[in-house]
2 protein chains.
Amino acid sequence: MEKKYLLHHVFFWLNNPSSVEDRNKLIEGLSTLKGIEVIKKLHIGVIASTEKREVVDTSWDVSELMFFENEVDQKVYQDHPIHQDFVKNYAHLWRKVVVFDAQDV
Amino acid sequence: MEKKYLLHHVFFWLNNPSSVEDRNKLIEGLSTLKGIEVIKKLHIGVIASTEKREVVDTSWDVSELMFFENEVDQKVYQDHPIHQDFVKNYAHLWRKVVVFDAQDV
């Protein structure tokens, strides 16, 4: 049986969605999170060029997906100085962020 | 360098969010999608018990995350008879579905 994870899905809406520079800066910021050892896998994404169906939300700009072993590790991540620095240094780039925390069944 | 994927994040809101039976039925339905060969990884989830912060959306009921190699494979999945059957047999369970398609950078 495959290992079960807590998936931390995060979607960011930039203040300046047309700014490739801001988008790249946020991607750079998210990359710094790789240094946090409780993150088992990290994916950073942008809108994929799939079909634009009614149910597909394409209003966001940058996504992040992290795999944690459990809620305790996710909390360690939230409080980790590298994460705190990320928020301090990059939060000015986004106007909205939405998080979905899903536990593998 | 790690392989880059197209991540297909899907969140479902049930018609009867209080029905564990309906939730399990939808999870059972999503499990049938494993038979589709273009899906490289499949995660099925429910709300995790992480801290309820303002940015965390906890209004959904069931999540699905699929890894595809590219947009072509994602389209093959959309049109696949197993997926079409899933929609036909289980769509009555949900009132809302939101999709985020993210390309790994």
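The values are calculated or read from the model by the stated rules, or taken from the named source; none is laboratory data. Owing to the predicted nature of the structure, the values given are computational and were not obtained by experimental measurement. Note that each Cβ is placed from the backbone with ideal geometry, even for glycine, and that neighbours are counted across all protein chains shown. The accessibility values were calculated without ligands, DNA or RNA, using every heavy atom of the protein model including side chains. Shrake-Rupley method; radii C 1.70, N 1.55, O 1.52, S 1.80 Å.
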Practice item. Could you tell me whether any residue of region A:83-96 is open to solvent by less than 70 Å² (accessible area, probe 1.4 Å) and within 7 Å of chain B (Cβ to nearest Cβ)? Key: no
Check your understanding: What are the pairs, 6+ residues apart or on separate chains, where a residue within region A:44-71 that is within 15 Å of B:Leu65 (Cβ to Cβ) and assigned to a strand (DSSP E or B) has its Cβ under 6 Å from a residue that is among the hydroxyl-bearing types (Ser, Thr, Tyr) and open to solvent by 10 Å² or more (accessible area, probe 1.4 Å)?
Key -> A:Phe67/A:Tyr5
Practice item. Starting from residues that are under 16 Å from the mean Cα position of the chain (by Cα) and either hydroxyl-bearing (Ser, Thr, Tyr) or open to solvent by 60 Å² or more (accessible area, probe 1.4 Å) (or both), keep the ones in region B:38-75 and report whichever is nearest to the other protein chains (Cβ to nearest Cβ). Key: B:Ser63
Check your understanding: When you scan region B:9-37, how many residues do you find that are open to solvent by less than 20 Å² (accessible area, probe 1.4 Å) and small (Gly, Ala, Ser)?
Key -> 1
Study note, to complete from the structure: (1) small (Gly, Ala, Ser); (2) facing another protein chain (nearest Cβ under 10 Å); (3) not in a loop (DSSP other than H, G, I, E, B) all hold for A:Gly29 apart from (2)
**Study point:** Filter result (assigned to a strand (DSSP E or B) and away from chain B (no Cβ under 11 Å)) within region A:10-26
**Key:** A:Trp13, A:Leu14
